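Working notes for the structure below.
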């Protein structure tokens, strides 16, 4: 079976665009997608393609607010308004053009219809993206508490897991699987925030809750000093160790959800969870130097984790035929 079997041939080009976006930009995500049963990959590619398209608007180069990018930020807001309007029209069944962005929306709408994915998830995602754009009424560059951060993470991460559930399939009622699916998205997002702390600071963003940092004596002045000098401070190390422990506890919450999924998709989701969790291991092994270097999982480690899951996937497919 091929990925696009059963899909309207007129939409094949649209799905291929989404697949290419996933292959180019979502290395860990794309690797995990390759572990999915063939019939489930196209829908996941469509979800990624849409998220990537919106992310590209928010992450346009030159967005550093410290260098005065008001004009660029205004453009981002307008472009996001346009995308949101196009999404509403597309989901309402209005015709789309042959542009790349509309091709992505065509694949998205087909996936939403085939799997009955709630539309609200996509607007929650765009709401959180607005929280990232200076000049937007929703813009937030600092989060005082974890509760405040969770409002952002619901739209930026939790709904990604919720969108995928109907595609992946569950062996329990979907409502039972939703909390751990949302937790996995949140764990991925917190992992990103820890890994990207230095880069985010350069963009005048501190996503990790400032109250949690302050409990260990860490303030913005100390973070900027560490970023500028490449130094490691014991207070920052202790704060990061705490936040890594919090993130790992969320991964553990999500683990039970993997067993609620269709057995054929479990290797893929387990691989994604393990690979993302290894980023936290790398942060620790590099001495918590996230303010001076980016922690990455080596290719050989990625292969060592993924290859056994490919074998498991092949066995499961053979046994269900």
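What follows draws every value from the coordinates through simple rules; no lab data is involved. Treat the numbers as computed from the prediction; the structure is a model and nothing was measured. Please note: Cβ atoms are built from the backbone with ideal geometry, for glycine as well, and neighbour counts cover all protein chains shown.
Assorted remarks:
- Value of Rg to Rh for the chain (Rh from inverse mean 1/r over Cα pairs, i.e. Kirkwood): 0.97
- Peptide packing: for 276-282, 222-228, the average count of neighbouring Cβ atoms within 10 Å per residue gives the ranking 276-282, 222-228, highest mean first.
- Protection proxy ranking of 284-293, 121-130 - average other beta-carbon atoms within 10 Å, highest first: 121-130, 284-293
- Each of the peptides 181-188, 246-253 was scored by the mean count of other Cβ atoms within 10 Å over its residues; in descending order, highest first, they stand as 181-188, 246-253.
- Relative to one another, the C-alpha centroids of the range 237-262 and the range 269-290 are positioned 11 Å apart.
- Contact order relative to length of the chain, as percent, for alpha carbon pairs under 8 angstrom and 6 or more apart: 19
- Length-normalised contact order of the range 1-54 in % [C-alpha pairs under 8 Å, at least 6 apart]: 50
- Residue order, fewest to most surrounding Cβ atoms within 10 angstrom, among 210, 229: 229, 210
- For the range 174-321, the equivalent ellipsoid derived from the Cα gyration tensor has semi-axes of 34, 17, 10 Å, listed largest first.
- Geometric extent, Cα atoms of the range 8-139 - Rg, Dmax (angstrom): 15.4, 47
- Measuring r between the beta carbons of residue 192 and residue 235 and using R0 = 30 Å, the FRET efficiency lands at 0.85.
- The alpha carbon centroids of the range 130-198 and the range 29-43 are separated by 21 Å.
- Here the range 109-265 is treated as a sphere whose radius is the Kirkwood value from Cα pairs; by Stokes-Einstein at 25 °C and 0.890 mPa s it diffuses with a coefficient of 145 µm²/s.
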